[in-house]
1. Which of rounded, prolate or oblate describes region 379-440 when judged by the alpha-carbon gyration tensor and an a/c cut-off of 1.5?
2. Subtracting the Cα-Cα distance from 0.36 nm times the residue separation, let me have the gained length for Val213 to Ser315 in nm, one decimal.
3. Provide the per-residue ³J(HN,Hα) series for region 179-184, in order, calculated from phi with Karplus coefficients 6.51, -1.76, 1.60 and θ = phi - 60°, each as a whole number of Hz, with x at glycine and proline positions.
4. Given R₀ = 30 Å, FRET efficiency for Gln203-Ile406 by Cβ-Cβ distance, to 0.05?
5. Once R0 is set to 41 Å, what does the formula 1/(1 + (r/R0)^6) return for the Cβ-Cβ distance between Glu107 and His336, expressed as a FRET efficiency to the nearest 0.05?
6. Taking amide hydrogens as modeled 1.01 Å from N in the peptide plane, which residues meet the under 5 Å criterion relative to Arg278, leaving out close sequence neighbours?
7. Let me make sure I get this right: for region 182-281, a, b and c are the square roots of the gyration tensor eigenvalues over alpha carbons, sorted descending. Under 1.5 in a/c it's rounded, otherwise prolate if a/b > b/c, else oblate. Which is it?
8. So, by mean Cβ neighbours within 10 angstrom, what's the order for 340-350, 241-251, 309-319 with the highest one leading?
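Computed from the coordinates by the stated procedures, all read-outs in this text should not be read as laboratory data. As the structure is a computational prediction, the values presented were derived from the model and not from experiment. Using ideal geometry, Cβ is built from the backbone for each residue, glycine included, and neighbour counts are taken over all protein chains shown.
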Amino acid sequence: MTEATSARSARRHSWRRDVVELAALFTAVAVADAAANTIAHGPSGPVLLCTAAVALLATTGFHVWWARRHGHAPPPTDAAAPPAAAPPGTGGRQTALWRMRTTVRDEPGSLAALCTALATLGVDILSLQTHPLSDGTVDEFLLRAPAGLAPAELTRTVAGAGGAHGWLERADAHDLVDAPTRMLGLATRTALDSAELPLALRQLLGRCTIHSVPARSLTGQPLADEVPAEGVLEEHTMTFRDPSGGSLTIERPQLPFTPTEFARVRALVELDTRLGQRVPPRREVLTLPEGNAITVRRAGTDDLAAARAMHERCSERTLAQRYHGPVGDADRYLGHLLSPRFGRTLAVETASGRLVALGHLLWDGDETEVALLVEDAWQQRGIGAELLRRLVAMAAETGCESVYAITQASNTGMVTAMRGLGLPLDYQIEEGTLVITARPSGVPAHREDRTALRLRDGSRHG
């Protein structure tokens, strides 16, 4: 039936219904008039009135039944339509996302056999990336599998279909982004902040360890070997020239690197090198409980002179609690600490622009170290606790699994500040050195509109 024919049928049906309803209205008026005259002039008025009420209720019920069955029933063709099919591969059950990599033979039909084996398990292939090698092909899959499918069964099936050197890990919704879009996002993060390069590399390569070796030691001795400009690719290791000098080595023992991954990493490193050191110019003015205004911002190597001046104003006890040893040459570490290559640093300035506190978030393999230094005259005002909260929130945003602080067992201020995070803590102590480890997952995001600091009782350096 065409659209015009359907419209004419609908108008004809509406016209007939209107005539029937109008006739019923006139009939009801006539009956009501006759009933009123009969009740007014006859001896059985109440009986007739009750009979009319029963008849009216019966008529109303019949009309409702008839309208539902004929007037508002869907067309027969729609009623016979089959229900919508469930998404392919889910079977109406809960599913889980997996990232899988495996090496297949470079022969026709090898990939087809692998895909067929996955289909027998009800696994849906959401995306596929191919990394060609000299003696085969590394295929990287994003899979949606039934939630009850055991990882061991999945790996056995892949191996039985010809997949070798398999590797499997859980994925999340972020992995649904296609490879070009993902690379553009990582390049944008790297371009905006020098500290983002190690994080971008970890997100690109998965579980890996990144070593950044300076060109020279603190005493001036050479440390890093000369690296070719194009970098070096080995089976489980990639080495590049560090944009800040020295070398940048990436290791992944559980999975060999491919030439495609090497090219992507080299592009990010070259981008970072061309742009030079850069720190986002975000600044936030806060008010201490006593009314003093301070500014919290990101710090970099440009703050080296101001950081050295703050060191000179700090007491030996404060420096010893921060550096856990001799403090005569403590300021020599500042160049490393302030470099965005090794982490992120927050600085606290007074209204006059004097630096009074530093908070460091330092990348250390799969873990992250947090360290604080607050000038003596500005301790016990909640500054260290606020810096620690912000640093741990940064770690949570970057996906760090754990954050640890190394301090002395007598540093009650740092212990109090770590407890104030409201996170489960692990304590390890040996010969007076205390290591406190916290999991940053679940740390609330930093609020930009916060304008005042809360005084944390007992906060000294943390």
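1. On the way: a/c = 2.26, a/b = 1.20, b/c = 1.89.
The shape class here is oblate.
2. Values: separation 102, 0.36 × 102 = 36.72 nm, distance 3.10 nm.
Going from the current span to full extension adds 33.6 nm.
3. Once θ is set to phi - 60°, the couplings for region 179-184 become 4, x, 5, 5, 5, 5 Hz.
4. On the way: r = 27 Å, r/R0 = 0.89.
Efficiency, from the Cβ-Cβ distance: 0.65.
5. Values: r = 51 Å, r/R0 = 1.24.
That gives a FRET efficiency of 0.20.
6. Correct list: Ser194.
7. Working: a/c = 1.77, a/b = 1.07, b/c = 1.66.
Judged from the Cα gyration tensor, region 182-281 comes out oblate (a/c at least 1.5, b/c at or above a/b).
8. On the way: 340-350: 21.9, 241-251: 20.0, 309-319: 15.2.
Packing order, densest peptide first, comes out as 340-350, 241-251, 309-319.
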